[in-house]
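Some notes on the structure that comes next.
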2 protein chains.
Amino acid sequence: MSLPHAILTALLEKPSSGLSLTRRFDRSIGYFWSATHQQIYRELGKLEQAGFIRALPSDQPSRGQKKEFEVLPAGRTELTRWASGEQDSKPIRDALLLRMRASAVVGRAGLDEELRRHLAQHRGQLAEYQEIEGRDFGAAADPQDRLRRLVLRAGIGLETFWVQWLEEALAEVTDMDAAEGAGGGSGG
Amino acid sequence: MSLPHAILTALLEKPSSGLSLTRRFDRSIGYFWSATHQQIYRELGKLEQAGFIRALPSDQPSRGQKKEFEVLPAGRTELTRWASGEQDSKPIRDALLLRMRASAVVGRAGLDEELRRHLAQHRGQLAEYQEIEGRDFGAAADPQDRLRRLVLRAGIGLETFWVQWLEEALAEVTDMDAAEGAGGGSGG
DNA sequence: AGCCTCATGTAAGTCGTTACATGATTGT
DNA sequence: ACAATCATGTAACGACTTACATGAGGCT
């Protein structure tokens, strides 16, 4: 149950409409908590009903009209409560690792292309993070920026790990293919 | 849509009943794709109906009786198809990072205890992985073991990253607390 | 009028989580 | 008989995904 708190955080950083929230979930916030516009609109409705946020009164509430939300005191209280509690991290859930394990059973046809594709994607993401770090965080001073930089450095560390691991995996798979000749898969 | 394929992989490695599958999803397979017994039973029903698996005929199909499943040729074909296709990895979804970002807005009360707690958990998981690597993978020879070892090394790499990052984050937060005096949070 | 974009929303279905129900086997 | 454990399920709900619907404003 983290989406409402992600939205509260985003709205405290800056009051926004549903669509501009959606765009922020495609960038900064979305780097560690993604959400579609359907999820966001539904959750905005719930948060408004719960008294955690409200629509800014300047906007008329008709369909197709922009509607901006801000966080109410009760919403800030709820976010504080949630942020200071305990919550275990979820176990890893990664389809690529699952597919590698499946490849060990049914053969690894197409595996190396897939590894290359993921490698390119993670390199791209890493470059994007590094560019943000260079642009937005020179010599971080205030606590807010230091915390946000820590979060960004988690993204950088994770992408760095994936790039290294994919390079290792690619070398290993290439070596396995060479050792087995032109045959390809090991399935059967 | 990866759970059916996780189950097909597990059943190809070794035909099993629902409960023994559940136990394997708490260990080896579960290290990168977790599932509860309710998910597994539901999915076994679907897979059987789709003609991908069948119950071993020796077992009588009454409630409370063990029922073992094996993969049919159609199931193997489906798993091969899935494993050789393209599939982008999902973006990161990590509640701890979200909570750090929230802490940047509402204050970081309790944050350092939470970081310490996660650090201990990741250290424990890392030790478990390393023990498995030392026990099950001496000098990996056949392709199956090499692929499985690669998967395990991904787990080791990820946990290593988290341990390092949490140590860095803990040092940073401690320093921030010291710089601000005994006050505590930066919220408001 | 027709089309595109911005913006908000509905509907249907799958996946995942939590709680509970039922039957079989084993030990006392 | 009773309890504990093994084993297979049902039910209900919430989270997430995908496709579609509706309305406003600007442009040609």
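The values are calculated or read from the model by the stated rules, or taken from the named source; none is laboratory data. Nothing here was measured: the structure is a model prediction, and the numbers come from that model. Here the Cβ is made from the backbone with ideal geometry for all residues, glycine too, and neighbour counts use every protein chain on show. Just so you know, the surface numbers come from the protein's heavy atoms only, side chains and all, with ligands and any DNA or RNA stripped out. Shrake-Rupley method; radii C 1.70, N 1.55, O 1.52, S 1.80 Å.
Would you mind telling me which residue in A:SER89, A:SER28, A:SER16 has the biggest mean-square fluctuation in a Gaussian network model of chain A, where springs connect alpha carbons within a distance under 10 angstrom?
Top of the fluctuation ranking is A:SER89.
Can you give the average number of partner chain beta-carbon atoms within 10 Å of each beta-carbon in peptide B:75-83, as a whole number?
Other-chain Cβ atoms within 10 Å of each residue's Cβ, averaged: 5.
So if R0 is 51 Å, what FRET efficiency would B:LYS14 and A:GLN65 give, r being the distance between their Cβ atoms, rounded to the nearest 0.05?
Approximately 0.30, to the nearest 0.05.
Simple spin-label model, 7 Å along Cα-to-Cβ: B:GLU86 to A:ALA120 in nm?
0.8
What do the square roots of 5 times the Cα gyration tensor eigenvalues come to for the range A:63-165, in whole Å, largest first, as semi-axes of the equivalent ellipsoid?
36, 21, 17
Taking beta carbons within 10 Å but only from partner chains, what does the mean come to for residues B:155-166?
Partner-chain Cβ atoms within 10 Å, mean over residues of B:155-166: 4.
Between A:ALA127 and B:GLN38, what is the label-point separation in nm under the 7 Å Cα-to-beta-carbon projection?
So the label points at B:GLN38 and A:ALA127 sit 4.5 nm apart.
Across peptide B:107-118, how many C-beta atoms of other chains are within 10 Å of each residue C-beta, on average? Don't skip to the end; give the middle numbers.
Values: counts 4, 4, 3, 5, 3, 0, 2, 5, 1, 0, 4, 4.
Other-chain Cβ atoms within 10 Å of each residue's Cβ, averaged: 3.
For the Cα atoms of chain B, what angle does the longest principal axis make with the long axis of helix B:73-84, in degrees from 0 to 90, nearest 10?
Computed tilt is about 30 degrees.
May I ask for the accessible area buried between chains B and A, both sides summed, probe 1.4 Å, to the nearest 100 Å²?
Result for this pair: about 7100 Å² buried.
Please give the solvent-accessible surface of A:ASP177 in Å², to the nearest 10, using a probe radius of 1.4 Å with every protein chain present.
My reading of the accessible area for A:ASP177 is about 50 Å².
Please work out the Cα center distance from the range A:80-121 to the range A:4-54, rounded to the nearest Å.
Computed from Cα coordinates, the inter-centre distance equals 26 Å.
Using the 7 Å Cα-to-Cβ label point, sort the distances from A:ARG135 to its equivalents in the other copies shortest first and give them in nm to one decimal.
Computed spacing set for this position: 4.8 nm.
Can you tell me the FRET efficiency between A:ARG23 and B:ARG135 if r is taken as the Cβ-Cβ distance and R0 is 45 Å, rounded to the nearest 0.05?
My answer for the efficiency is 0.40.
Does anyone have the angle between helix A:111-136 and the longest principal axis of chain A? Alpha-carbon axes, 0 to 90°, nearest 10?
It is inclined by approximately 40 degrees.
Quick one: give the max-minus-min coordinate of the C-alpha atoms of the protein assembly as shown along each principal axis, largest first, in Å.
The principal-axis extents, from largest down, are 67, 44, 37 Å.
So which residue of B has the beta-carbon closest to the axis that swings B onto A, and how many whole Å away?
B:PHE161, 2
At R0 = 22 Å, how high is the FRET efficiency between A:GLN49 and B:ARG93 if r is their beta carbon distance? Nearest 0.05 is fine.
My answer for the efficiency is 0.30.
Would you mind listing how long the range B:1-82 runs along its three principal axes, going by Cα atoms, in whole Å with the largest first?
Per principal axis, max minus min of the Cα coordinates gives 32, 26, 19 Å.
May I ask you to give the percent of accessible area on the range B:17-87 that is carbon plus sulfur, with a probe radius of 1.4 Å?
Answer for the range B:17-87: carbon and sulfur cover 50 percent of the accessible area.
Here are some pairs, A:LYS67/B:LYS90; A:LYS46/B:LYS46; A:LYS14/A:LYS66; A:LYS14/A:LYS46; B:LYS14/B:LYS90; B:LYS46/B:LYS67; which of them have Cα atoms lying more than 26 Å apart in this structure?
A:LYS67/B:LYS90; A:LYS46/B:LYS46; B:LYS14/B:LYS90
Under a 10 Å cutoff between Cα atoms, tell me which one of A:GLY45, A:GLY138, A:GLY107 has the largest fluctuation in the Gaussian network model of chain A.
Of A:GLY45, A:GLY138, A:GLY107, the most mobile in the Gaussian network model is A:GLY138.
Pick out which of B:ALA74, B:ALA95, B:ALA50 has the largest mean-square fluctuation in a Gaussian network model of chain B, springs linking Cα atoms closer than 10 Å.
Maximum among the listed residues: B:ALA95.
Under the definition of Cα pairs under 8 Å and six or more residues apart, what whole-number percent is the relative contact order of chain B?
20
Over the C-alpha atoms of chain A, what are the Rg and the largest Cα-to-Cα span, Dmax, in Å?
In Å, with Rg to one decimal and Dmax whole: 22.0, 71.
Would you work out the relative contact order for the range B:3-49, in percent, from Cα pairs under 8 angstrom that are 6 or more residues apart?
Taking the mean separation of contacting Cα pairs over the length of the range B:3-49, I get 43 percent.
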